[in-house]
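Notes to accompany the following structure.
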Amino acid sequence: MTAETDAFLEVKNATRSYGGVKALDNCSIKISEGKITGLIGPNGSGKTTLFNAITGYESIEGGDVYFRGQSITGKTPEQIFALGIGRTFQLTKIFARMTVMENMFIATQRKEGWLRSVIRPAGSSEELDRAVEILKFVGLLKLAESPAGSLSYGQRKLLELAYILIADPTLLLLDEPAGGVNLSLIKELGDHIRYLNSLGKTFLIVEHNMDFVLTLCHEVNVMSSGSVFMTGKPEQVRSDPRVLDAYLGIDDFEEEIVVP
Amino acid sequence: MSAGTLEMAILDGILTGGVYALMAAGLTLIFGVLDMINIAQGIFVILGAYASYSLEHSFGIGLFEGLIITIPAMFLLGAFIEWAFIRRLGEYNRVSMSILVTYAVTIVIEGVLLLHFGSNYRSLTASYVTQSFHVFGNYLPKIYLYGFLLALASVLVLYFILYKTRLGVSVRAAMDNRFAAQLVGVEVKRVSTLTFAIGVAVTAVGGMVFGAVQPFTPNSSYDLISRLLTIVVLGGLGSVGGALVGALVMVVVEDIISVAWTPTWATLIYFAVLVIVLLLKPQGLFGQREVRAQ
């Protein structure tokens, strides 16, 4: 275990292209342990591709990804999840045909032996206790027996966070957690993230809601055209003219940015 | 139409439907988790029937006792076929490719059976195959009831596995959203192998009952798979409950038409019902509008 890097998570010179378009162009980013880090940038700047590269969903053509000093480049999504990197999605992935409580048990499956899984009950009593605790934390406990498909959009985001949390990841990657969520829930979500952070969890958050990102994060990275071009404290990012340029420089004005 | 004939037809339909339901449940589970159509499900049933036949004729092992050997054997065969062929399928054109691959498996198994057993009709015999209960003024072979109870027990075991165990959570998560399940650590490859193996293992039971109720040849699988596919489509692809209802609808409709009108039209009427259901609900009775939401 050679320490290639001192950062908690580090991406070095990642490159990935689709046809002629470089979704990641020599992209590098460092995440410090115990911090909430933000990742912003206009649509198509490569934020989600970077998430996919870190979580092993997409392979990168060049560059490396390190987690706690070890290379995780080329590992599969389940291996990376097992290492303690949990992730939520822009388009929420919940298991709609299963109940909220059953959703909580999915991420606890990975350590189970081959044929034992056929006879062992779905959740052990410790897992059940933990699931109840986490559902209480995100406020979904009263809906535990409802099918997940019946939840509202915001509740689905909370459930996705909850079922990732049961696996106790040390690093959480959240892809637009506040997108399409109503204001009171956004505030609640922010409180949840701060609380989890106080327990020692590290966050990397992609978000379009600038207020949310700039008030929540300790550090913010700004992406444009496939690479991170600046990293700084929220107040630095807020006042940097290059950031506004990055958003205004693109042709696509459908961007739903909320400039504070 | 003599008194009791209709009741008898319904009873017969329910009993036979239970066996079809079990075979179709295996098929729909495989579809749900592996995103593929297993055309070989028909020949697996016939293989199960021949396995029971061989055990009985060569070793004198009774039909029900023989299941202790045939169920694990079919499970292992299923695991092997998944590992050897299905796992190699890519995402591109997956469903069509799976039909070709499992059709090839069908032809190979059919060829082996033809070589070994020839093309004459065989049937499974036992005391409970020839003995009957007296109900509604008619005779009902005991095997119908025993077969139904066995199929029912198997379906209950399937339900228990699906809804109460850790494997069940993984299987249903993979059916719901394979990609997301993989991301939270469900080992979809392993779950796929187990699901395919379980889906094939149930054909040992289905084959034994099928072979006891009617004579079979290695060619019998084609009629069977077309019926199983219509059951699964009627019930909704990927829905185990749908497979149960679909099987009952098929057999009961056919049996009632046969006795109330004429056997000639029975299958046609069933297909008319199928077409009407699909016109009204293209996803089948219990299917999801989008079978796999990615």
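Using the structure shown, decide if A:SER45 is among the small types (Gly, Ala, Ser), at negative phi and in a loop (DSSP other than H, G, I, E, B).
Details: among the small types (Gly, Ala, Ser): yes; at negative phi: yes; in a loop (DSSP other than H, G, I, E, B): yes.
When the stated conditions are applied, A:SER45 passes them.
Limited to segment B:134-169, what total is found for residues that are free of Cβ contacts under 8 Å to residues at least 12 places away in the same chain, facing another protein chain (nearest Cβ under 7 Å) and of a type outside the set (Gly, Ala, Ser)?
4
Please indicate, with yes or no, whether at least one residue in segment A:6-18 is at positive phi and of a type in the set (Lys, Arg).
Scanning segment A:6-18, I find no residue that is at positive phi and of a type in the set (Lys, Arg), so the answer is no.
Considering only segment A:13-55, state which residues are out of contact with any Asp or Glu (no Cβ under 8 Å at 6 or more places or on another chain), of a type in the set (Ser, Thr, Tyr) and open to solvent by less than 70 Å² (accessible area, probe 1.4 Å).
Answer for segment A:13-55, where residues must be out of contact with any Asp or Glu (no Cβ under 8 Å at 6 or more places or on another chain), of a type in the set (Ser, Thr, Tyr) and open to solvent by less than 70 Å² (accessible area, probe 1.4 Å): A:SER45, A:THR55.
Pairs please, first residue from segment B:60-77 and more than 11 Å from B:THR203 (Cα to Cα) and open to solvent by less than 60 Å² (accessible area, probe 1.4 Å), second anywhere and charged (D, E, K, R) and assigned to a helix (DSSP H, G or I), Cβ atoms under 9 Å, 6+ apart in sequence or on different chains.
B:GLY62/B:GLU56; B:LEU63/B:GLU56; B:GLY66/B:GLU56
Rundown of residues vs (1) at pLDDT below 90; (2) closer than 20 Å to A:LYS12 by Cβ; (3) of a type in the set (D, E, K, R), yes/no style:
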| residue | (1), (2), (3) |
| --- | --- |
| A:ASN26 | yes, yes, no |
| A:ASN43 | yes, no, no |
| A:LEU50 | no, yes, no |
| A:GLY62 | yes, yes, no |
| A:THR88 | yes, no, no |
| A:THR92 | yes, no, no |
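Give just the number: which of (1) at pLDDT 85 or above; (2) touching a Gly at 6+ places or on another chain (Cβ under 9 Å); (3) open to solvent by 50 Å² or more (accessible area, probe 1.4 Å) does B:GLN288 not satisfy?
Of everything listed in (1) at pLDDT 85 or above; (2) touching a Gly at 6+ places or on another chain (Cβ under 9 Å); (3) open to solvent by 50 Å² or more (accessible area, probe 1.4 Å), B:GLN288 misses just condition (1).
Only one residue in B:ARG172, B:ARG227 is out of contact with any Cys (no Cβ under 6 Å at 6 or more places or on another chain), more than 14 Å from chain A (Cβ to nearest Cβ), within 23 Å of B:ILE71 (Cβ to Cβ) and assigned to a helix (DSSP H, G or I). Which one? Lay out the reasoning, then the answer.
Numbers: B:ARG172 fails: more than 14 Å from chain A (Cβ to nearest Cβ).
Exactly one residue qualifies, and that residue is B:ARG227.
Given (1) under 21 Å from B:ALA21 (Cα atoms); (2) crowded, with 21+ Cβ neighbours inside 10 Å; (3) more than 14 Å from every other protein chain (Cβ to nearest Cβ), where does B:LEU194 come up short, assuming only one miss?
Unmet for B:LEU194, out of (1) under 21 Å from B:ALA21 (Cα atoms); (2) crowded, with 21+ Cβ neighbours inside 10 Å; (3) more than 14 Å from every other protein chain (Cβ to nearest Cβ): (3).
Of the residues that sit in segment B:175-190 and are outside any loop (DSSP other than H, G, I, E, B) and within 17 Å of B:VAL240 (Cα to Cα), which one is farthest from the other protein chains (Cβ to nearest Cβ)? Please lay out each step first, then the result.
Step one: list which residues in segment B:175-190 are outside any loop (DSSP other than H, G, I, E, B), which gives B:175-176, B:178-183, B:188-190.
Okay, now just the ones that are also within 17 Å of B:VAL240 (Cα to Cα), so B:175-176.
Numbers: B:MET175: 8, B:ASP176: 4 Å.
Among those that are outside any loop (DSSP other than H, G, I, E, B) and within 17 Å of B:VAL240 (Cα to Cα), it is B:MET175.
Conditions tested, residue by residue: (1) surrounded by fewer than 18 Cβ atoms within 10 Å (Cβ to Cβ); (2) closer than 25 Å to A:THR108 by Cβ.
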position: A:LEU158; (1), (2): no, yes
position: A:LEU174; (1), (2): no, yes
position: A:SER184; (1), (2): yes, no
position: A:TYR195; (1), (2): yes, yes
position: A:LYS201; (1), (2): no, yes
position: A:VAL206; (1), (2): no, no
position: A:CYS217; (1), (2): no, no
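Which of the residues spanning segment A:126-138 are over 15 Å from A:ASP168 (Cβ atoms) and within 14 Å of another protein chain (Cβ to nearest Cβ)?
Across segment A:126-138, the qualifying residue is only A:LEU128.
Inspect segment B:115-134 for any residue being more than 28 Å from B:SER221 (Cα to Cα) and not in a helix (DSSP H, G or I) and give the result as yes or no.
Step one: list which residues in segment B:115-134 are more than 28 Å from B:SER221 (Cα to Cα), which gives B:133-134.
Going one step further and asking which of them are not in a helix (DSSP H, G or I), we end up with B:133-134.
Yes, because at least one residue in segment B:115-134 is more than 28 Å from B:SER221 (Cα to Cα) and not in a helix (DSSP H, G or I).
Which one of the conditions (1) within 19 Å of B:ALA197 (Cα to Cα); (2) open to solvent by 70 Å² or more (accessible area, probe 1.4 Å) does B:GLN131 fail to meet, given that it meets all the rest?
Looking at each condition in turn, B:GLN131 falls short on (1).
Over 20 Å from A:HIS218 (Cβ atoms) and touching a strand residue (DSSP E or B) at 6+ places or on another chain (Cβ under 8 Å): is that true of A:ALA82 in this structure? It would help to see each step written out before you state the result.
Working: over 20 Å from A:HIS218 (Cβ atoms): yes; touching a strand residue (DSSP E or B) at 6+ places or on another chain (Cβ under 8 Å): no.
In short, no.
Can you tell which of A:ILE94, A:ILE60 is within 14 Å of chain B (Cβ to nearest Cβ), in contact (Cβ under 8 Å) with a residue 24 or more places away in the chain and aliphatic (A, V, I, L, M)? Break it down stepwise before answering.
Working: A:ILE60 fails: within 14 Å of chain B (Cβ to nearest Cβ).
Answer to the check: A:ILE94.
Take the residues in segment A:65-87 that are surrounded by fewer than 20 Cβ atoms within 10 Å (Cβ to Cβ) and in contact (Cβ under 8 Å) with a residue 60 or more places away in the chain, then tell me which one is nearest to the other protein chains (Cβ to nearest Cβ).
A:GLY84
The values are calculated or read from the model by the stated rules, or taken from the named source; none is laboratory data. For clarity, every value in this text was computed on a predicted model and none was experimentally measured. Because the Cβ atoms are built from the backbone with ideal geometry, glycine has one as well, and the counts that use them run over all protein chains shown. What goes into the accessible areas is simple: the full protein's heavy atoms, side chains included, and nothing from ligands, DNA or RNA. Shrake-Rupley method; radii C 1.70, N 1.55, O 1.52, S 1.80 Å.
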